Structures are given as C-alpha cells and as structure tokens.
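Worksheet: the structure to be examined is printed underneath.
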Amino acid sequence: MNIQTLTQDVRAAEPAWAGDASKSCASMGSRMKYSRLIGALFLLGFVSYGTGFGLVSSVVGAPDFLATISAHRTTLIVGAFLMLLNSVVDVGKGVLFFPIVENHGKRTALAYLAAMVLEVALLAVGILSLLLIVPLGQYAGGTGNDWAGPLGALLVQSNTMAYLIAMMTLSLGNIFLWSLCFRTRLIPRWLSAWGVAGYVVFLAGAAAEIFGVQVSLLTSIPGGLFEVALGFWLLTRGFEPKAYSKASA
C-alpha cells in the first residue's frame, strides 16, 4: 500500500463531523477577522478625524488667523491630513462591509458604498480648502491685500459646508445600513437601533446647521458614541454568528 492510498483511507475514515467542524472554525475565523478589521476602522476614523479637527480648529478658530498662519502651518497641515486619513478609513469600511451586507440586501450595500464614496469626495474638497489657507497666509497684512482676510474666511466656510453635506450623505447611508442590520440581526438589535436613531439625529442636526441653527456638534454625540461602542463590540464580539453564516451561505 503506497502513501497516497493510505492517506485516502485515513480521510475516508474521518467522521463526518470533522469536516463540518473544520468548516465551522474557518467560518468563525473569517467572521472575527472582518469584524475586528471593521471595528478597528471605526475607532481609527473617530480618533483621526476628531484629532485633526481639533488641530485645525485651534488654528482657524483664532481671530485674524491668517496673520499668524506661518507660525501654525505645521499644525494646520497635520490636522488636515489626519482629517483626510478618515476619508481613507471610510472607503475601507464601505469596501469591507459590501460583501457582508450584499448577501442580505444588495441595494443597501450599494447605497452604503455610494454614500461613503460621495462623503469622502465632499470631505476632500473641504480639506483642500483648508490647505489653501497656507499659501494664502503670505498675502495677509500686505498693502492692498484686504481681500486675503475675507477669502480665508470663505475657505474655512467652504470646508464647513462640505463637511455638513458630507455628514448628511454619511447619515443617509448609515440609516439604510443599520436598518438592514436591525432586520437581519447582523449585530444586536439594540445596537442597530442606536445606530439608526443616532444617524437620524445627526442628519437633522447637519441640515439645521446649513440653515444657520448651530446644533450639529450636539446632535453628533449619539452617532459618535455609537461608532465607538460599535467599534469595541466588533473587536470583542464580532458580527452575530447565525446572521453572518447565513450571509456567507
């Protein structure tokens, strides 16, 4: 009896449950790998954009910030690129979520991915406006350069407007996503409901801010806390095994 024949005999003698157990372990490994990666992206995006926004605001929030931009250009640039890192993270979330969500609802998966891409494009426009402040600073304070101050303020406002529209787009995509997850139990229902409610409030706050009602910072709290809670949940518990296995079937 040669080695190949012996190997075939051993495999044939294996109980049926051994193959099922192997497949189950592989499925569990895949589920947790995707869960942890997506969870880490949620936390990374929250930290990167929050830190970047804080750095940028410390520069452009000061009175007559163009006059001192040369001394704070590094802070502004680092802050802007941290905000831009969040855009890369959001694209990653959209791409990773797509094959998981697609099996439960293809239109929802496409809507979420499209919302993330549009959000990233809008945020990039706003961040570009912020970076243009750096070269603009060299004209501030010069004779006959009274236009520099209003232009700098316009660039800051352009970023704000692009951010608000991006957050409205992001909120719509997430409302569809977490409504689907509520129905399919991909994550616990209480967590999905929190996500839907948080993004509805965030959407309303961003829309109100466009019309001059300054509440977006307050209304972003429920959605922001949801993203942190979801990130830790996916890192430690992952997607619900039953729903995930159905999606993978």
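Data table
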quantity: Exclusive hit being at pLDDT 95 or above, in a helix (DSSP H, G or I), of a type in the set (Gly, Ala, Ser) and in contact with a helix residue (DSSP H, G or I) (Cβ under 9 Å, 6 or more places away or on another chain), set Ala243, Ala193, Ala247; calculated: Ala193
quantity: Pairs, first more than 11 Å from Arg73 (Cα to Cα) and free of Cβ contacts under 8 Å to residues at least 60 places away in the same chain in region 126-139, second of a type in the set (Ser, Thr, Tyr) and surrounded by 17 or more Cβ atoms within 10 Å (Cβ to Cβ), C-beta under 6 Å, six or more apart; calculated: Gly126/Tyr163
quantity: All positions within region 205-220 that are among the hydrophobic types (A, V, I, L, M, F, W, C) and closer than 13 Å to Met167 by Cβ; calculated: Ala206, Ala207, Ala208, Ile210, Val215, Leu217
quantity: Any hit, region 26-39, residues being part of a helix (DSSP H, G or I), modelled with pLDDT under 50 and either in contact with a strand residue (DSSP E or B) (Cβ under 8 Å, 6 or more places away or on another chain) or of a type in the set (Asp, Glu) (or both); calculated: no
quantity: Residue match in region 193-213 (condition: in contact with a Cys (Cβ under 8 Å, 6 or more places away or on another chain) and either within 20 Å of Leu44 (Cα to Cα) or surrounded by fewer than 17 Cβ atoms within 10 Å (Cβ to Cβ) (or both)); calculated: yes
quantity: Among the residues listed as Leu217, Leu235, the single one being within 19 Å of the chain's Cα centre (by Cα), under 28 Å from Leu123 (Cα atoms) and modelled with pLDDT of 90 or more; calculated: Leu235
quantity: Test: residue in region 83-97 that is farther than 26 Å from Arg31 by Cα and either of a type outside the set (D, E, K, R) or touching a strand residue (DSSP E or B) at 6+ places or on another chain (Cβ under 6 Å) (or both); calculated: yes
quantity: Some residue of region 222-230 being of a type in the set (Val, Ile, Thr), without any contact (Cβ under 8 Å) to a residue 60 or more places away in the chain and assigned to a helix (DSSP H, G or I); calculated: no
quantity: From Ala140, Ala114, Ala153, Ala148, residue being of a type outside the set (Val, Ile, Thr), at pLDDT below 95 and over 21 Å from Leu66 (Cα atoms); calculated: Ala114
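The values are calculated or read from the model by the stated rules, or taken from the named source; none is laboratory data. From a predicted model like this one, the values you see are computed outputs, not experimental measurements. No Cβ is skipped: glycine too gets one built from the backbone with ideal geometry, and neighbour counts run over all protein chains shown.
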